[in-house]
Amino acid sequence: MNSTSTADTGIVDVIGVGAGFSGLYLAHRLTSAGWTFAGFEAGPSVGGTWFWNTYPGARCDVESIYYSYSFDEALQQEWTWSQRFAPQAEILSYLEHVADRFDLRRHFTFNTRVTGAAWNATDRLWEVRLDDGSARRGRYLISGAGGLSTPKDFDVPGLANFAGLRVSTSRWNISLDDLAGKRVAVIGTGSSGVQAIPLIAEVAERLTVFQRTPNYVMPARNAELPPERVAAVKNDYVAIREECRHSPGGIPDRPVTDNAFDVSAEERRRRYEQAYERSGFQGVGAEFADLLIDPEANRTASEFIHDKIREIVDDPATAELLVPKYHPLGAKRSCFGTDYYETYNRPNVSLVSLRDEPIETMTENAIVTAKGAYEMDAVVLAIGFDAFTGPLYGLNLTGASGKKLQEVWHDGIRSYLGMMVADFPNFFMVGGPLSPALVSNVVVTIEQAVDWIADLLEHARETGATLVEATAEAQSEWVDITERTVAPTLFATTDSWYRGSNIEGKPNTFMGYVGGVGKYRRMCTELAKRGYPGVEIDGEAQSRTL
Ligand code: NA7
């Protein structure tokens, strides 16, 4: 069946996965262009990451005025963010508003998970299996399943023995009050733990934080957004969005050209102090151009934060445990917190370093380390995600040559522009591995990807084509570009979830393109203008690629 029309055949043009930021825009953009679209969402409603991660303190640490859709001027004029960094509930309301405003819910089946998808080469379509036992057929399959949507397995020894309250930040299903007056353990000190810990400390009788790797936590400096700022942004939104699209990180740029050792030690300190006040992703870690390249330069910034921790935390032994000494600032995801280090000055809070005393097991009421048993009423797991590949492998994709995506990526993750995979025709990823999604304001990356994919589908429709596939050659070229771009940076030498190090057996691939969203956009736009070299369209390979 090679016709371009899927009308009246029971075949939908596009099957979409997920109803978060990616899936909602995908549904809007594609249905506006006249495609039939069937979206499937495992959760009961829209929101994706922002539906599930309802733990206390959850908020985005990209400023809300940038972490929002730009595709509709009226939408951005009518929505008003209340705070610099919106809390989870406000971001979820925003996504619900978007879904209602553009009437997008009707394109999704909720409470339904895609459990498998196989490429049917004869009919040139994807046969998609759903967890209710049914199946759908779609010409194209597009994953908007997100990067941080598959929680990491509970790999804490003996967890099943624990009979008390057990909750995970990424599937939070209790209220903070349920922890009131209890002896609570938090395991994990990434962004989720850092946001939740100060609030849990306020209600718990005792809070014990079990920390494996100390992180750099800078003050979020969240605040109400003053009406004058909101008005100024709305007045200038078109230009601000354009700046974000062409920036390195998807937020307005603050270019720096000088290196850390270009200035005196006093001047460096002065600049770090200012940056610490400013905070955010353009804070201390971005104050000099070489901080993510030169380990010695980085050390000056890292040590500045170490000193801050020692200043804030009263007990010197606790402060030393909190000092992040195992990795350079910024090479793992930095955290932004509110009263994070201050929380360790509370009399009801203590810290256990799992580097000194790993968890041996749990009993029905305690966490047991080499140094003893810590009795607990509740355990909060903030242990992170099987990022990017977790949600994709969950789709159980079988490509044209009969191999599963997890087999094809067994020794390393490979994609074309983070959007397509050779041997997986008509399959796309919004913000997939090797796209800028990993290290950018992801909403900017999502909008760009959806637009690029929509344009490619349009190009195929106009030429009467029913099959688009990245060539292996173009994919190799893109993999080389991403590797060459990250190689000189400290990202390449630091273990982190960015490189899959948090999951046993995961290939060691840095899962993002770090050349910047602006540069990436220019490359993608140029490729589109040139008729998509690097993409086979109906089996016709275009000439050279990047
Ligand atoms: P992260 O950043 O992956 O943090 C997970 C934390 O949990 C981290 O401190 C881990 O220590 C720790 N961890 C993981 N497994 C264990 C076990 N088995 N025992 C003890 N400690 C463990 O996840 P988050 O949810 O906080 O943040 C994810 C992203 O969401 C974040 O980067 C932002 O982009 C938003 P480790 O460092 O592995 O030693």
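Of all the criteria given as (1) under 28 Å from residue 519 (Cβ atoms); (2) in contact (Cβ under 8 Å) with a residue 60 or more places away in the chain, the one not satisfied by residue 272 is (2). Restricting attention to region 86-119, the residues that are within 14 Å of residue 28 (Cα to Cα) and surrounded by 21 or more Cβ atoms within 10 Å (Cβ to Cβ) add up to 6. Exactly one residue out of 197, 251, 240 is assigned to a helix (DSSP H, G or I) and within 16 Å of the ligand (Cβ to nearest atom), and it is 197. Of the residues making up region 285-319, those that are hydrophobic (A, V, I, L, M, F, W, C), closer than 27 Å to residue 484 by Cβ and part of a helix (DSSP H, G or I) number 3.
Pairs meeting the criteria (first residue in region 154-171 and aliphatic (A, V, I, L, M) and away from the ligand (no atom under 14 Å from the Cβ), second residue in a loop (DSSP other than H, G, I, E, B) and modelled with pLDDT of 95 or more, beta carbons under 6 Å, at least 6 apart or on different chains) are 163/364.
Among the residues of region 201-231, those that are more than 14 Å from the ligand (Cβ to nearest atom), touching a residue at least 24 places away in the same chain (Cβ under 8 Å) and either farther than 25 Å from residue 360 by Cβ or of a type in the set (A, V, I, L, M, F, W, C) (or both) comprise 201, 203, 204, 207, 219, 221, 222, 223, 224, 225, 230.
Residue pairs whose Cβ atoms lie under 9 Å apart, sitting 6 or more positions apart in sequence or on different chains, and linking a residue in region 350-364 that is small (Gly, Ala, Ser) to a partner that is within 12 Å of the ligand (Cβ to nearest atom) and in a strand (DSSP E or B), are 350/209; 353/210; 353/211.
Taking only region 342-365 into account, find how many residues are out of contact with any helix residue (DSSP H, G or I) (no Cβ under 9 Å at 6 or more places or on another chain) and more than 14 Å from the ligand (Cβ to nearest atom). The number of residues fulfilling the criteria is 2. Counted as qualifying within region 15-100 are the helices (runs of 4 or more DSSP H) with 3 or more residues that are in contact with a helix residue (DSSP H, G or I) (Cβ under 8 Å, 6 or more places away or on another chain) and within 16 Å of the ligand (Cβ to nearest atom), namely 49-52.
Where residues in region 274-303 are surrounded by fewer than 20 Cβ atoms within 10 Å (Cβ to Cβ), in contact with a Phe, Trp or Tyr (Cβ under 8 Å, 6 or more places away or on another chain) and closer than 22 Å to residue 222 by Cβ, which of them is modelled with the highest pLDDT? Across region 274-303, the extreme among qualifying residues is 276.
Count of region 379-433 residues, restricted to those that are within 16 Å of the ligand (Cβ to nearest atom), touching a strand residue (DSSP E or B) at 6+ places or on another chain (Cβ under 7 Å) and among the β-branched types (Val, Ile, Thr), is 3. In region 200-224, which residues are closer than 22 Å to residue 354 by Cα and in a helix (DSSP H, G or I)? 200, 201 - these are the residues of region 200-224 that are closer than 22 Å to residue 354 by Cα and in a helix (DSSP H, G or I).
If only residues of region 120-153 that are of a type in the set (D, E, K, R) and within 16 Å of the ligand (Cβ to nearest atom) are counted, the one that is surrounded by the most Cβ atoms within 10 Å (Cβ to Cβ) is 152.
When region 306-323 is filtered for residues that are in contact (Cβ under 8 Å) with a residue 12 or more places away in the chain, away from the ligand (no atom under 15 Å from the Cβ) and under 25 Å from residue 491 (Cβ atoms), the ones remaining, listed by number, are 306, 308, 309.
For region 462-479, does any single residue satisfy the condition of being crowded, with 18+ Cβ neighbours inside 10 Å, within 16 Å of the ligand (Cβ to nearest atom) and assigned to a helix (DSSP H, G or I)? No, region 462-479 has no match at all. Looking across region 172-191 at every residue that is in a helix (DSSP H, G or I) and more than 11 Å from the ligand (Cβ to nearest atom), the one that is nearest to the chain's Cα centre (by Cα) is identified as 176. Looking across region 182-224, just one residue is among the small types (Gly, Ala, Ser) and surrounded by fewer than 19 Cβ atoms within 10 Å (Cβ to Cβ), and that is 223.
Can residue 326 be described as out of contact with any helix residue (DSSP H, G or I) (no Cβ under 6 Å at 6 or more places or on another chain), part of a strand (DSSP E or B), within 16 Å of the ligand (Cβ to nearest atom) and not charged (D, E, K, R)?
Numbers: out of contact with any helix residue (DSSP H, G or I) (no Cβ under 6 Å at 6 or more places or on another chain): yes; part of a strand (DSSP E or B): no; within 16 Å of the ligand (Cβ to nearest atom): yes; not charged (D, E, K, R): yes.
Criteria not met by residue 326.
All of 510, 428 fail the test of being assigned to a strand (DSSP E or B) and of a type in the set (Phe, Trp, Tyr), apart from 428.
Evaluating residue 250 against the criteria (1) farther than 24 Å from residue 324 by Cβ; (2) surrounded by fewer than 16 Cβ atoms within 10 Å (Cβ to Cβ); (3) of a type outside the set (Val, Ile, Thr) leaves one unmet condition, (2).
The values are calculated or read from the model by the stated rules, or taken from the named source; none is laboratory data. The model shown is predicted, which means the values in this text are computed figures rather than measured ones. Heads up, the Cβs are rebuilt from the backbone with ideal geometry, glycines too, and the neighbour counts pull from every protein chain shown.
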